[in-house]
Amino acid sequence: MDLKHRKMTLLLLIVWFPCVVAKTNIILFIADDLGYGDIGCYGNHSVRTPNIDSIASDGIKMTQHLAAASLCTPSRSALLTGRYPVRTGMASPVMMRVIAWASSSCGLPSSEITFAEQTKKAGYMNGLFGKWHLGIHKQRLGDFEHHPLKQGFDYFYGPIYSNLGDFGGESRIITGLMPGWYGKLFSIWAVTAVALLCLFREDYFGAIPFIVFILIWSVPLALVYLLFENFTLLNSFVYRNYDLVEQPVRFAGLSQRLVNEGLDFIQNATNSGKPFLLVMSWVHTHTFLTTSKQFEGRSKFGRYGEALEELDWSVGQILKSVKEFGIDDNTLVYFTSDHGGHLEEGTEGGFNGILKGGKSHGASDGAIRVPGLIKWPRVLEKGKVTDEPTSLMDIYNLVSSVAGVSLPADRHIDGRDILPLLKGGVLVSPHDFLFHYCGNILHAARYRPRDGIKTWKLVTREPDYIPGTTVCQFTCNCNTDVLATPKLYDITVDPGETTPIDSHSKNYKEITPIILKAMGIHKNSIEPAETEFTLRKLAPNLTWQPCCNGTFPFNCYCTDPKYPE
């Protein structure tokens, strides 16, 4: 080869080589409590969601995309780790299935390897903006063992906890869970006081012991009352990395602040030449529903519609910036929700379409079937739809594959490689079975045979619905009775789970034993994991209580100085 050809070859290599080695950027959008039927590409033509819908038209829509849990904390842990919460200690054996107090020691174990830790191995810059809800401290105040920056992220900005109606002063989570709670609390106190009065009659023990015992008994009841009546002070704040910058959260305008942080992150990562993982974990459409003024009154569906349109606008701003930076073709974009809409919230809780049930309902499809949209312009075809069962846990495998990192070999990963399915190279889900939990109790399982087109679902426990309805008393109980005869559904033709297969039919007799056997094998594959959901870990520790300007509970009010208005 002469010198002229050598130079030409070298020039071509210089131009071509960066295109070969450039790693794909990854953007994950996670909505909060968004119903399966809330956005346009899943059939809702009443609320405008053009930006979210564009991900479907520019990529793939998954119609049977499933969360691993029907509540925030366990579902998000499964997404981050690719593992069922029961494997990681994030499946609750008690009534409380989410982290209830920011000052508790409950959280995602540091021994788990998140997808952010996976991309970090490949030199990615990782940012999380928005809701976390997977804990802060573990052993002591300030150790931040459960914080996002200890779980593979380089940057974090957002509410470390969640978004609740309590923060708007409109409702109380405790009275939602237990109507008449304060009346019951006072009744317990009064009954006890009368009993003590009878026991400590003046002619028997005297009045002083009675007064002392009444005071001692009043302390725990008063503490419970103060805790739940001050939920905002105890749980509403925004962190920037390890710094508490806002207390309580100003939810009006929070979406705009999250967008600004996300845009800054993209610019910084792009300017540095590093590939990036950006997780935008929106607070919409979880109640408390508050938007900026520009979205007030825009939707005929009230505050829920306004929040949904603001969510769509937020997604659009990130997508627009990706195009403006010229990295659209080399960026994978994924959109989902952590679980289904909260039916018990009524019109402000989301819409799950024809699916049965919703948030907290365990195995009902309305609780766990969520929007699942992926676009990757240089890899995936536009406008395709897959009806095959897929899982939020599969995103762990997908992110690891895109980053060029092997899966951890020292643990069971429940996610599967769905890229061949998305590309169209295979037509059947990589999951033979998917298992549906309520807390740490297995309630149902999905079966996708390797032939045909059908997906079957066997339900062994059902939610404790209010008679005549498909809703619970704010949240559902997991420890319900095992069905004497499990219910089998053909989810392909009956996604609403309205008509169980006849237990005397050939299909029932052939399919049910297969699924029951798989459930047994799955249970045996679960290695014991220390649960994070003990009463001790869940309980608030007021000595760990965050306070931005002083010592709790004094002067715990501040506004993020970066966004003073």
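Just so you know, all these numbers are worked out from the coordinates, no wet-lab data involved. Everything quoted here is computed from the prediction, not taken from an experiment. Don't worry about glycine lacking a Cβ; one is built from the backbone with ideal geometry, like all the others, and counts go over all protein chains shown.
General remarks:
- The chain: angle of helix 181-199 to the longest principal axis, Cα-based, in degrees nearest 10: 30
- Straight-line reach from K487: taking Cα to Cα under 13 Å and skipping same-chain neighbours fewer than 8 places apart, the aspartates and glutamates in range are E462, E497, D502.
- Helix 302-324 and the long axis of the chain differ in direction by around 30°, with both axes built from C-alpha atoms.
- Look at where the Cα atoms of region 211-276 and of region 501-565 average out, and the two centres are 19 Å apart.
- Cα-based helix-to-principal-axis angle, 72-81 vs the chain, degrees rounded to 10: 30
- Potential extension, S525-I208 segment - 0.36 nm per residue separation minus Cα distance: 108.2 nm
- Computed from label points 7 Å out along Cα-Cβ, the spacing between V493 and N507 is 0.5 nm.
- Cα lying deepest toward the dipole's positive end in the chain, options T290, L488, M95, charges on Cβ: L488
- Those lysines that a straight Cα-Cα span of less than 16 Å connects to K323, excepting residues fewer than 8 apart in one chain: K375
- Each of Q473 and I514 was given a label point 7 Å from its Cα along the Cα-to-Cβ line. The distance between the two points is 4.1 nm.
- Cross-link partners of K274 among aspartates and glutamates, defined as those whose alpha carbon lies under 20 angstrom from its own and excluding same-chain residues fewer than eight positions apart: E117, D154, E261, D264, E324, D328, D329.
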